[in-house]
Amino acid sequence: MRGRFAPSPTGDLHLGNARTALLSWLAARAAGGEYLVRVEDLDGPRVRPGLEARMLDELGWLGLDWDEGPDVGGPAGPYRQSERRECYAAALEMLIAAGQVYPCFCSRAEIAAASQAPHGPSDEGPRYPGTCRGLPPGEVARRAAARRPAWRFRVPEGPVAFDDGVHGPQAFDVGATVGDFVVARADGVPAYQLAVAVDDAAMAISDVVRGDDLLPSTARQILLYRALGLAPPRFAHVPLVVGEDGERLAKRHGAPSLGALRARGAAPEAVVGLLAALSGLAPRGTHVTARELLAGFAIERLLRAPAVLRAADLEAVSA
């Protein structure tokens, strides 16, 4: 059993992030497994200096520990994606050699304007209509002389099925909803789907616990695992934390960041207790340490519905 938490140093840790970190840590530690932290910092312009160190400090304040990570090292490092670009380039070369990907010269505007292009998952935009899939070599060379291409994965027909630890049996028809998806951008930056699959495999992650906003992307990652000859991990997608209006937690709900709660004098046991309550692991108002939640923890105990954060919850934690 090897679990992980993979934050991006582009914004402060909020209660939703903290809850995912806690649950992924509990899943690994309750099984006697190893746990690591990996920093997903490929989005260079949005990375905020100093935020990585602050995130790690806040996770430690919550009572979480890790065996491997950017601050402690480990045999599967480096643990920052910005330092793993050679790994992604090697994976892309494997996919190119196997004919699993092809160069795409389409702009976002051209894809959006394509006829009968329904909108796919929010992280992917409109379904790709396959414009560049069958370009002859001569046309590829002509276009490449004028524009650097992105690389798209050739999605096979049919649904991709897998069992999710929270939601049960799942099946997604990637070809029908997303189409051939990008694995490397035209500027050379690997797409999230490729980077996360390469990293989880290289770091021998056996179990991925993350928010269920990523549930639809799992099928794309499984296709990449298969194409690269890798075994996918087990997945468990936990429902998101939402405001009292039922919408995904955002600044408009007045929910402070983890660091802001800490600065207000909130006790880590109170914050962990709130995160546990939002997961169905403890009654509201509980003060508990992360380690005290290990006894009897099981993914099957988690709530299947979105966790509603109430204003009264924040007042109680900050009191």
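A few remarks follow.
- Subset of the range 141-170 (residues that are open to solvent by less than 50 Å² (accessible area, probe 1.4 Å) and either in contact with a strand residue (DSSP E or B) (Cβ under 6 Å, 6 or more places away or on another chain) or closer than 30 Å to A305 by Cα (or both)): P149, A150, R152, F153, G158, V160, F162, D164, G165, V166, G168, Q170
- Pick from the range 171-188, criterion more than 12 Å from T218 (Cα to Cα) and not aliphatic (A, V, I, L, M), ranking: most open to solvent (accessible area, probe 1.4 Å): R185
- Tally of residues being among the small types (G, A, S), without any contact (Cβ under 8 Å) to a residue 12 or more places away in the chain and surrounded by 12 or more Cβ atoms within 10 Å (Cβ to Cβ) across the range 263-319: 1
- Residues being out of contact with any Phe, Trp or Tyr (no Cβ under 8 Å at 6 or more places or on another chain), in a helix (DSSP H, G or I) and open to solvent by less than 60 Å² (accessible area, probe 1.4 Å) - total across the range 48-65: 8
- Enumeration of residues in the range 237-262 that are in contact (Cβ under 8 Å) with a residue 24 or more places away in the chain, within 24 Å of L215 (Cβ to Cβ) and either touching a Pro at 6+ places or on another chain (Cβ under 8 Å) or open to solvent by 10 Å² or more (accessible area, probe 1.4 Å) (or both): P239, L240, V241, V242, E244, G246, R248, L249, H253, A255
- Entry remark, the range 222-251: residues being out of contact with any His (no Cβ under 6 Å at 6 or more places or on another chain), small (G, A, S) and at pLDDT below 95 number 2 in total.
- Sole exception among (1) under 20 Å from A28 (Cβ atoms); (2) within 21 Å of the chain's Cα centre (by Cα) for A307, by number: (1)
- Residue count for the range 297-319, restricted to those that are under 16 Å from A276 (Cβ atoms) and assigned to a helix (DSSP H, G or I): 7
- Residue check, G69 modelled with pLDDT under 95 and surrounded by 14 or more Cβ atoms within 10 Å (Cβ to Cβ): no
The values are calculated or read from the model by the stated rules, or taken from the named source; none is laboratory data. Keep in mind it's a predicted model, so treat the numbers as computed, not measured. Using ideal geometry, Cβ is built from the backbone for each residue, glycine included, and neighbour counts are taken over all protein chains shown. SASA here: full protein model, heavy atoms, side chains in, ligands and nucleic acids out. Shrake-Rupley method; radii C 1.70, N 1.55, O 1.52, S 1.80 Å.
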